[in-house]
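Please treat every number below as a calculation from the coordinates, not as lab data. Because the structure is predicted, anything quoted here is derived from the model rather than measured. Please note: Cβ atoms are built from the backbone with ideal geometry, for glycine as well, and neighbour counts cover all protein chains shown.
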Amino acid sequence: MEKELKLMKGNEAIAEAAIRYGADAYFGYPITPQSEVIEYFMEQNPIERTGMVVLQAESEVAAINMVYGAAACGMAAMTSSSSPGFSLKQEGLSYIAGAELPCLVLNVVRGGPGLGTIQPSQSDYFQSTKGGGHGDYRLIVLAPASVQEMYDFVQIGFDLAFKYRNPVLILSDGIIGQMMEKVEIGPQRVRRTMDEVIKQCPWATTGKTANRERNIITSLDLVASRQEEFNRKLVKKYDTIREKEVRCECINCDDADYVFVAYGTSSRLCMKSMDLLRKEGYKVGLVRPITLFPYPSKIIAGLAERVKGFLTIEMSTGQMVEDVMLAVNGKRPVKHYGRVGGVVPTPEEIVDAMKNFMKGE
Amino acid sequence: MAELTINDIIKEENLVYKKTKVMTDNVMHYCPGCGHGTTHRLVAEVIEELGIQDKTIGVTPVGCSVLMYNYLDIDMQEAAHGRAPAIATAIKRVMPDKFVFTYQGDGDLAAIGTAETIHSCNRGENITIIFVNNGIYGMTGGQMAPTTLSGMKAVTCPRGRDVNTMGYPLHITELIAQLPNVRFVTRQSVHTPANVRKAKAAIRRAFENQKDGKGGLSFVEIVSNCNSNWKMTAVDANKWMEENTFKEYPLGDIKIDWEIQEGKISLRNRKLDY
């Protein structure tokens, strides 16, 4: 069968992927640089195509709570935003994690803090991987580095969300969201019927029938000992995710003396910088974490046994570098290089940063 | 004549009242005298009478009624503070054949959740909102609510609500009635048997509005008491409510089938009305 190829923006690819996945609902609110997601949905009118519900909410807060409502009915529900709007979603995400609901959320990151800038950034790493909202919880975080991955991660994300009853975040940035690339489009899947939803999600609030007890979706337990028990249960779930769901790409690491560690847009830049360095004879590799939670700590710890050092490239003042340091655990030097505020580093300046790092500067 | 035994009395034709099966047997946590218990029962009775127990999804708020899901034998979701109408919006959109309602207090609905309330009403979501207004934050210990009466004392306005610095009692119900997609707006109470019957009829109508295909949002305000935080006996609280709260929030239907009822909404004048 011939492949279906399309030239798409990353933001459009997300929306098309959701429709083709057979998602049930999207709730959004406009913010640059991700407004194309909801615009594409509205243009496509998925209620006609597949029966998928799309709604422009009154705020990011309302949108994430709408996701809560739909997800609690067993639906494949999603929302998207960019950094300032994503901060507003943290309340809802905490409740969704606390109620153990599956959902997919997209953050097309722009520079902060505050209103910051509308230019791309990777400065929401801490918020994305360490919880973000109140309470002890984790999101599963996927970091796409291409428009194709924006498309592919929708299916992977929803599947993980339902497998673990946990919110999944696609952590993108203004470049991946806005740039156009060729995308291979998958076939249209049929949305689940209500009977299939009930079978897959017996816990969902689909109406209390005579053959079962009532279903209650809540994150509240006023008995401290029971809440502690629940917290322990979450920890167990996160440990299973750490054990089973790490995704990571290692490029040219086998003979590398030094490695870059970078995700998303930064990893694309590092690919070019690595080529330039290799042409000059430097044995440089790249570790690209695809899941930021769970983090590929074991892979990095393994490399720390034989490479000479790690340089993280991030469009932030240094956030992921802390996870690399934890994994390396003092065995090798770890340094960070990044540009911030919406500035994107050039491959050449990354080459210089690596040369300085190799010299021990 | 043979002596009557208990079994002669327990007969279908002698039945005047029974607990609806839509209520669970869990002991309620509400203070004696509180209106929540009665209002819960009315919602449960309406669900039973309409035969929609298997088709109803409720959304509970943050506040005293946060644990409502312990008392109703239906599927329920617990919302973040103020967000119940957003959640109910999504439930109704993804399952349009279900009956969806929120149950919210004044702080939840008219303070932190104002945006969610106004916009779900403005979209005319085909849901029912039960709004219990007792003019105070009960669960957190008696703080001022947006609906607290002028001059009324609360722990965050211990010298009484000063309308010049704290705002006037918010008439969110009249605000909502003016939105074209809102179908039914009424204000009731549950402090006397007669009022209980009226309130039940209103709640029934608000649920029935979800099944005739005409759409629109239905909004039932229950003006209620909080004798614990008002620091009164239950009887005194109801008397105080009749003498004071009903003056600020008069009972009755405000909008029926998209028609605002005559004389029910008037612009408030700062000098004349307060």
*Only Lys, Arg (+1) and Asp, Glu (-1) charged, at Cβ; chain A dipole about Cα centre in debye*: 840 debye
*Label-zone membership for segment A:267-292, site A:T346, 7 angstrom Cα→C-beta point, backbone N under 14 Å*: A:273
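Using alpha-carbon pairs under 8 Å, 6+ residues apart, how would you state the relative contact order of chain A in percent? Show your work: numbers first, answer last.
Working: 764 pairs, mean separation 64.5, N = 361.
It comes to 18 percent, rounded to a whole number.
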*Calculate the dipole size of segment A:251-361 relative to its Cα centre from +1 charges on Lys and Arg beta carbons and -1 charges on Asp and Glu beta carbons; express the result in debye to the nearest 20.*
140 debye
*asked:* For a Förster distance of 30 Å, can you work out the FRET efficiency between the beta-carbons of B:K214 and B:T114, rounded to the nearest 0.05?
replied: 0.65
*Value of [θ]222 nm, deg cm²/dmol, for chain A, DSSP H segments ≥ 4, -39500 (n - 2.57) each, nearest 500*: -12500 deg cm²/dmol
*Projected area averaged over orientations for segment A:248-358, convex hull of C-alpha atoms, nm²*: 6.0 nm²
*How much length is gained on full extension from B:V155 to B:K11, taking 0.36 nm per residue of separation minus their Cα-Cα distance?*
46.7 nm
*Which of the lysines could be linked to A:K89 by a straight reach, that is with a Cα gap under 18 Å, when you skip same-chain ones fewer than 8 residues away?*
A:K130
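Can you give the FRET efficiency to the nearest 0.05 for B:A194 and B:N26, using r as the Cβ-Cβ distance and R₀ = 30 Å? Please report the intermediate quantities before stating the final value.
Details: r = 29 Å, r/R0 = 0.95.
Between B:A194 and B:N26 the formula returns 0.60.
Students often check this: by mean Cβ neighbours within 10 Å, which of B:13-20, B:211-218 ranks highest, and how do the rest follow? Walk me through the intermediate numbers first.
Values: B:13-20: 7.8, B:211-218: 15.6.
Put in order of decreasing packing, that is B:211-218, B:13-20.
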*Take A:R242, project a point 7 Å from its Cα along the Cβ direction, then tell me which residues of segment A:294-323 have their backbone nitrogen under 12 Å from it.*
A:294-298
*Rank-order A:280-292, A:323-335 by packing density, defined as the average count of other C-beta atoms within 10 Å over each peptide's residues, highest first.*
A:280-292, A:323-335
*Helix axis angle, A:264-279 relative to chain A longest principal axis, alpha carbon, degrees*: 20 degrees
*If you place +1 on the Cβ of every Lys and Arg and -1 on the Cβ of every Asp and Glu, how big does the dipole about the Cα centre of chain B come out, in debye to the nearest 20?*
740 debye
_Three semi-axes of the equivalent ellipsoid, the protein assembly as shown, Cα gyration tensor, whole Å, largest first_ = 53, 26, 23
*Hypothetical label at B:K239: residues of segment B:17-45 whose amide nitrogen lies under 19 Å (7 Å Cα-Cβ projection)*: B:32-35
*Hey, which aspartates and glutamates would be in cross-link range of B:K11, C-alpha to C-alpha under 19 Å, not counting anything within fewer than 8 residues on its own chain?*
B:E3
_Inter-probe distance in nm under a simple model that places probes 7 Å from Cα toward Cβ, at B:Q143 and B:D162_ = 1.9 nm
*Set the Förster radius R0 to 45 Å, insert the Cβ-Cβ distance between A:K355 and A:L7 as r into 1/(1 + (r/R0)^6), and round the FRET efficiency to 0.05.*
0.75
